Amino acid sequence: MITTSYCRLLTSVSRSLNTIMAPTQQNVDACDAPPHSQLKMRLISSDYKSDNCVNSCDNNNSVLRESASDKINSETDFDISKYEAMEFRPKIKWPDLIVQLSLHLVSIYGLFLTFTNQVKLYTILFALATIYTSGFGITAGVHRLWSHRAYRARTPLRILLAVLFTITGQRDIYTWALDHRVHHKYSETVADPHDVRRGFWFAHVGWLVLTPHPAVENRRIALQKTSLDLLADPVVRIQKLIFIPSFGLLNIALPVWIPWYYWGESLLISFVISFVTRFTITLNVAYCVNSFAHLWGNKPYDRFILSVENQMVSLAALGEGWHNYHHVFPWDYRTSELGRFNVSTRFIDIFSKIGWAYDLKAATPSMISNRAKRSGDGTFEEIEEPHPEFTEYKH
């Protein structure tokens, strides 16, 4: 039975876990058109336009066309230069900081138990498997599906991704996706929730334990009106409604109970390893996309932005480290060129074969190479493993 203090800890943990991953755009219809039954992937040409897009899809910040009566997302009423010039001193959010410190300190103890052979092998394997599989709820789910709308998913797949995302404990889908859209639209400005210009540690975890800049709060409110597509999905609404009990069940109770019940791990060790250490590792893998993938790496597609291609982050984060590409083509379901290590892309491809994922949006090779020639840092290489459906676009 969960005690009162335990429930308070659970609530504090959940409140501290705001959006944790890479950037996204706001409510973009990504030049949407009816899916074609014979095509598993949409190849968007550079001059393709839709009535639902203000600009072509080559624009990172494509947004739904504003109606005459709703100018909430208009830049006219938002002067970011005033916010940039503002003197702002953030305050520490002590409950969130205490939760983060507690998680990391207990995780250090968990690593000590692991390296001193006090943890059963099955418990270690179970924790690693949970980290790996639940990660798809972030990459293929809240990031590529709900934040960027880079593809569409049938209800069974959306439910699966919502469950996997809840296991990661990274807040509810709506909150994560909304913050991610703010990050993409205002990347590398004071309105960016985890503005990397404020340093590695701020982008990595500091933004979660400090009060947000007024520009961030302003844009979070503004983009709620252009993110109604999120709440239009019943899976998102339900997951948001039941997040706290779902967090307790899927992220704590079941992961701790399974090692104890099935192979006799002690409850204490199971709690430390299968919940705290696993949870903290999952968080830090996600944090790395905000920090490492915006600081260290090459920029083959756009040398004028801070996001980079980071192979190690891609390896750890199931393909989310090809971040220079992602910021240039945020609507591309692959978040990288084909041929790059990207497990999440393969995950989506598998479900597209059975019809659960469809309307996959992807940039053509000509779009990619032209953008690299125009603004890249000169490190662009040929696509290593072109998709068969791309052959007709090869030069």
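The values are calculated or read from the model by the stated rules, or taken from the named source; none is laboratory data. Keep in mind the model is a prediction, meaning the values are calculated, not measured. Cβ coordinates were reconstructed from backbone atoms using ideal geometry, including for glycine residues, and neighbour counts include every protein chain displayed.
A few points about this structure:
- The stretch 89-107, subset out of contact with any helix residue (DSSP H, G or I) (no Cβ under 7 Å at 6 or more places or on another chain) and exposed (fewer than 13 other Cβ atoms within 10 Å of the Cβ), residue nearest to Y287 (Cα to Cα): L101
- Among the candidates V190, V163, V182, residue that is hydrophobic (A, V, I, L, M, F, W, C) and assigned to a loop (DSSP other than H, G, I, E, B): V190
- Considering the conditions (1) aliphatic (A, V, I, L, M); (2) surrounded by 15 or more Cβ atoms within 10 Å (Cβ to Cβ); (3) over 18 Å from the mean Cα position of the chain (by Cα), V236 is excluded by exactly one of them, (3).
- Number of positions in the stretch 172-190 that are among the charged types (D, E, K, R) and surrounded by fewer than 24 Cβ atoms within 10 Å (Cβ to Cβ): 1
- Applying the criterion of being over 24 Å from the mean Cα position of the chain (by Cα) and among the hydroxyl-bearing types (S, T, Y) to the residues of the stretch 103-128, the residue that is farthest from N251 (Cα to Cα) is T116.
- In the stretch 116-136 there is at least one residue that is at positive phi and not aromatic (F, W, Y).
Residues are listed down the side, and each one gets a yes or a no for (1) at pLDDT below 95; (2) under 14 Å from G141 (Cα atoms); (3) within 12 Å of the chain's Cα centre (by Cα):
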site	(1), (2), (3)
P156	no, yes, no
A162	no, yes, no
Q170	yes, yes, yes
H180	no, yes, yes
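- For the stretch 298-317, the condition holds for at least one residue, the condition being that it is of a type in the set (S, T, N, Q), in contact with a helix residue (DSSP H, G or I) (Cβ under 9 Å, 6 or more places away or on another chain) and surrounded by fewer than 20 Cβ atoms within 10 Å (Cβ to Cβ).
- Residue pairs meeting the criteria (Cβ under 7 Å; at least 6 apart or on separate chains; first crowded, with 24+ Cβ neighbours inside 10 Å, in the stretch 135-153; second in a helix (DSSP H, G or I) and charged (D, E, K, R)): S147/R181; A150/R144; Y151/R144
- Flag for N342 being touching a Gly at 6+ places or on another chain (Cβ under 6 Å) and closer than 17 Å to G135 by Cα: yes
- The one condition from (1) surrounded by fewer than 24 Cβ atoms within 10 Å (Cβ to Cβ); (2) at positive phi; (3) touching a residue at least 40 places away in the same chain (Cβ under 8 Å) that V328 does not meet is (2).
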